[in-house]
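Notes for the one structure printed next.
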Amino acid sequence: MSYHIAEADLDDAAHAAGLVHCIDSYAAEDMGGGHALSDEVKRALVPGLKEQPGRVVLLALHGREVVGAAVCFMGYSTFAAKPRLNVHDLCVLAAHRGHGLGRRLMEGVIERARAAGCTQVSLEVRADNAIARRLYQSLGFGAGFAAMDFWVRPLP
Ligand SMILES: CC(C)(COP(=O)(O)OP(=O)(O)OC[C@H]1O[C@@H](n2cnc3c(N)ncnc32)[C@H](O)[C@@H]1OP(=O)(O)O)[C@@H](O)C(=O)NCCC(=O)NCCS
């Protein structure tokens, strides 16, 4: 069975369930923080995603099975006065790694950003995620600023 990359159809039950499974698997891994998604988040994920007008969601498929995903959101660069596409999640299920799917997903993301007139594709990557960093560097990504921390303010 061959692999291919496709735009996610969030109204397709197999795409929706497969996407949730990929994000859940990623979240449960060390690189995703080590905590699987709660049932509540799993239920809300796709309905909430559908409400995000700037979403770009690509899937890696093995036949009909979703084995990888790139979830991105369109933002805007005030310094360039152009849209910028941010990669929020990139993941390939462990059993399907090393077949070029991460690269193909990212190439698809870059292609869509270019078609939308974006100035950049941005992403956050952990300092200890050597595999992802190598992939991103090979695609031309590099640090936008010398040092940048990703800070959050939880809103309980
Ligand atoms: C990062 C990830 C998406 C790569 O997916 P993949 O389909 O296995 O990647 P590919 O087969 O397309 O390989 C792309 C590149 O990644 C790097 N890479 C992949 N596997 C690697 C390994 N085991 N060791 C070192 N580099 C590796 C290489 O640079 C490779 O390019 P090359 O084959 O030309 O040398 C996947 O490992 C993953 O889902 N990891 C967990 C989630 C994660 O860390 N996401 C990124 C968050 S920022």
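Please treat every number below as a calculation from the coordinates, not as lab data. Predicted model only: the values in this text are computed from it and were never measured. No Cβ is skipped: glycine too gets one built from the backbone with ideal geometry, and neighbour counts run over all protein chains shown.
Run the numbers on the chain and let me know its relative contact order in percent, using alpha-carbon pairs under 8 Å that are six or more apart.
20 percent.
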Checklist outcome for this item: The local net charge around PRO47, scoring Lys/Arg +1 and Asp/Glu -1 for residues other than PRO47 whose Cβ lies under 13 Å from its Cβ, equals +1
Item to check | Three semi-axes of the equivalent ellipsoid, segment 41-89, Cα gyration tensor, whole Å, largest first | outcome: 25, 15, 7
Checklist entry - Just from its helices, what would the mean residue ellipticity at 222 nm be for the chain, if runs of 4 or more DSSP H residues each count -39500 (n - 2.57) and the sum is divided by every residue, rounded to the nearest 500 deg cm²/dmol? => result -10500 deg cm²/dmol
Item to check | Positive-end residue, segment 1-130 charge dipole about Cα centroid, Cβ charges, pick of CYS72, VAL121, ALA44 | outcome: VAL121
Item to check | Loop sites in segment 113-156: chymotrypsin sites (Phe, Trp or Tyr not before Pro), DSSP, at most 15 other Cβ within 10 Å | outcome: PHE145, PHE150, TRP151
Next on the checklist: Translational diffusion coefficient of segment 100-142 at 37 °C, 0.692 mPa s, Stokes-Einstein with Kirkwood Rh over Cα pairs, in µm²/s as a whole number.
Outcome noted: 298 µm²/s
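With Cβ to Cβ distances under 14 Å as the rule, what net charge do the other residues near ALA27 carry (K, R +1; D, E -1)?
Here the count lands on -4.
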Checklist entry - What is the magnitude of the charge dipole of segment 31-156 about its Cα centre, with +1 placed on the Cβ of each Lys and Arg, -1 on the Cβ of each Asp and Glu, and no other charges, expressed in debye to the nearest 20? => result 280 debye
Checklist entry - Residue by residue, what Karplus-based ³J(HN,Hα) values in Hz, rounded to whole numbers, does segment 142-152 have, using 6.51, -1.76 and 1.60 with θ = phi - 60° and x for Gly and Pro? => result x, 4, x, 9, 4, 8, 9, 9, 9, 9, 10
Item to check | Convex hull of segment 1-56 built on C-alpha atoms - directionally averaged projected area, nm² | outcome: 4.9 nm²
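To the nearest µm²/s, what D does Stokes-Einstein give for segment 78-123 at 37 °C and 0.692 mPa s, using the Kirkwood radius over alpha carbon pairs as Rh? Don't skip to the answer; put the middle values down first.
Working: Rh = 11.7 Å.
Estimated diffusion coefficient is 281 µm²/s.
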Checklist entry - Hey, rough spin-label estimate for VAL41 and LEU155, points 7 angstrom out along Cα→Cβ, what's it come to in nanometres? => result 1.7 nm
Checklist entry - Working out 0.36 nm times the residue gap between ARG126 and HIS4, then minus their Cα-Cα distance, what length gain in nm do you get to one decimal? => result 41.2 nm
Checklist outcome for this item: Short to long, in 5 Å steps from zero, the percent of alpha-carbon pairs of the chain per bin is 2, 8, 17, 22, 22, 17, 9, 3, 0, 0
